[in-house]
Structure formats: structure tokens, C-alpha cells
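Novice: I'd like to ask some things about the structure below.
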Amino acid sequence: MSPAAQMNTGGLPRGELLGRYRTYDQAQKVVDHLASAEGFDVKALSIVGNDLRSVEHIRSRLSYPKVAGAGAAQGAMFGFFIGLLIWLFAPDSPMINMLLSVVLGMCIWMLIGVVGYAVRRGQRDFASSSQLVATTFDVVCDFSQAPRARQLVASSGVASLQRADDPTGPGTGQGAGQSAGPGAGAVGGPSGASGTGPQAQPRPSGRPASGWQDESGRPRYGVRLTDVKPDEKTDQGEDEPHQSSSPPQ
């Protein structure tokens with residue numbers, strides 16, 4: 001089985017983070033751009049939604065006429081379905097039976113809706129619809145296709161989120177002005193680099209924000225260590241305490 005097929009068998013994909021985007025349409029545009037490239041294996045790509053949240057949209061204020069009307073519409077559809085079943089099993093039955101089933105369904109559903117609204121009166125006087133939405137979307141590419149994908153993403157015309165503007169990770173004030181481009185967030189600093197003790201040193205501004213790591217401090221999506229820039233390695237080494245080799249006086 002190819003690596004591209006393995007990353008789509010379930011769970012979070014493993015690959016290189018090509019970019020993080022505010023909306024799904026932006027991530028989709030990037031994937032469409034990569035898919036239009038000749039010879040590029042689109043099965044190596046995945047779109048991952050981050051920080052899922054439940055959003056409830058308020059549609060209208062409820063009242064007895066609205067509740068009765070909605071119940072009548074639902075009852076009419078249910079009654080028509082029952083009448084249609086009766087006509088299919090008994091084609092010789094008069095069409096008045098279907099009309100009666102529709103009227104009966106309207107009456108029953110209107111009664112149920114009005115009684116239910118009267119019971120919860122004052123607790124939920126509005127109609128709404130709920131949905132799950134993601135705060136940001138990551139475009140992840142398998143390691144085997146990552147070098148070419150980085151070149152193609154640059155010409156997609158869609159700007160990735162900056163780490164300072166990323167709403168999914170803590171420490172959004174760090175690393176301002178750096179985009180979540182190719183290889184972004186490859187490796188975070190060592191655990192404890194931003195300690196809370198009196199001798200804790202501030203994190204360098206060029207270090208990737210911790211929002212690109214999981215809870216254990218490891219990079220997301222299995223980004224390789226070889227993708228770290230030399231200056232980032234130097235910044236990480238500066239946080240380690242230096243011990244003097246000279247003997248005490």
C-alpha cells in the first residue's frame with residue numbers, strides 16, 4: 001500500500017503542513033490548484049478542520065400560529081405518505097381516503113405542536129438550527145509529495161494564516177509576521193524552554209508558536225525534523241543553560 005493510501009485509512013493524516021486557512025473555501029482552492037497540476041497525486045492531500053465548535057443559528061421567534069402552521073405542514077406530509085401507501089396496496093380504494101389521511105395528519109401534528117409549545121412556554125420561544133464548524137483548516141500533504149506541493153502552493157494565490165493570527169493555538173503574540181507556509185511549525189522548542197521560574201528566559205520571537213504542536217509537545221501531523229531551518233535550531237539551543245568549564249576560584 002502506498003503512503004498516500006495509508007494516510008487516508010482513518011484518523012489524523014501524517015504529512016507536512018502546507019498551510020493553515022481561515023475558511024474551508026480557501027483550503028479547497030489550494031487543493032484544487034494542486035489537483036490541476038499535471039502528475040500530482042491528489043490522494044496525498046488531506047484537509048483537517050481544527051477546533052470544532054457548535055454554532056446555533058436563531059431563525060425566528062415562535063408563536064402559537066407559527067407552531068400550528070409548522071405542525072400542519074409536517075402533518076400534511078406525513079398524512080400524504082400514509083395515504084400513498086394505502087393507495088399502493090389498495091388501488092381500488094377511493095381517493096377520498098388519501099385526503100382524509102392528509103387532514104387527519106394535519107390535525108394530529110398541529111395538536112402535538114401546540115401542546116408541546118404550551119408546556120415549554122417561556123423556556124424556548126425561538127426556532128434555531130445547529131451545526132458544527134471548524135475555526136481553521138489545515139492542508140496536509142504526504143511526505144512523498146511534499147517537495148513539489150510546496151512549490152505549487154506558493155502559486156495558488158491563497159495566503160496562509162500567520163501564527164500571530166492563528167485562533168487555535170496559545171501564545172498568538174509570538175512569532176508575529178510569520179506565515180504558516182511550507183514547513184511551518186516543523187518543530188517546537190524544548191519543553192520547559194518558557195519556564196515559569198524566576199530564571200525563565202523569554203521565548204525568541206522567531207520560534208514557532210506552540211499552537212503548531214499537540215498536547216505532548218510533538219509537531220502535528222508528523223512533520224520531519226529535517227525540515228527545521230538552521231536558525232530555528234540555533235534559537236532552540238539558546239534556551240539551554242550553559243555551564244562554565246572553568247574551575248571554581
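The values are calculated or read from the model by the stated rules, or taken from the named source; none is laboratory data. All of these numbers come straight from a predicted model, not from anything done at the bench. Methodologically, a virtual Cβ is constructed for each residue, glycine included, from the backbone with ideal geometry; neighbour enumeration extends over all protein chains shown. What goes into the accessible areas is simple: the full protein's heavy atoms, side chains included, and nothing from ligands, DNA or RNA. Shrake-Rupley method; radii C 1.70, N 1.55, O 1.52, S 1.80 Å.
Novice: Using θ = phi - 60° and the Karplus form 6.51 cos²θ - 1.76 cosθ + 1.60, what ³J(HN,Hα) does each residue of region 128-145 get, whole Hz, x for Gly and Pro?
Specialist: 8, 9, 10, 7, 9, 10, 9, 6, 9, 10, 9, 9, 10, 10, 4, 4, 5, 10
Novice: Treating the beta-carbon of each Lys and Arg as +1 and of each Asp and Glu as -1, no other charges, what is the dipole magnitude of region 1-135 about its Cα centre, to the nearest 20 debye?
Specialist: 640 debye
Novice: Okay, moving on. Quantify how much of the Cα-Cα distance distribution of region 96-164 extends past 20 Å, in percent.
Specialist: Above the 20 Å cut-off, region 96-164 has 67 percent of its Cα pairs.
Novice: What list of ³J(HN,Hα) values in whole Hz, one per residue of region 61-68 in order, does the Karplus curve 6.51 cos²θ - 1.76 cosθ + 1.60 (θ = phi - 60°) give from phi, with Gly and Pro shown as x?
Specialist: Working through the residues one at a time gives 8, 8, 8, 4, x, 5, 5, 5 Hz.
Novice: Follow-up question, since we're still on this one. Grab the beta carbon distance between residue 108 and residue 131, set R0 = 30 Å, and tell me the FRET efficiency rounded to 0.05.
Specialist: 0.50
Novice: May I ask you to give the percent of accessible area on region 7-101 that is carbon plus sulfur, with a probe radius of 1.4 Å?
Specialist: 62 percent
Novice: Given region 52-175 reduced to its alpha-carbon atoms as identical point scatterers, what log10 I(q)/I(0) does the Debye formula return at q = 0.09, 0.16 Å⁻¹?
Specialist: Log-scaled intensity ratios, in q order: -0.60, -0.90.
Novice: Compute the accessible area per residue over region 1-100, keeping the other protein chains in place, probe 1.4 Å, unit Å².
Specialist: Normalised by residue count, the accessible surface of region 1-100 is 65 Å².
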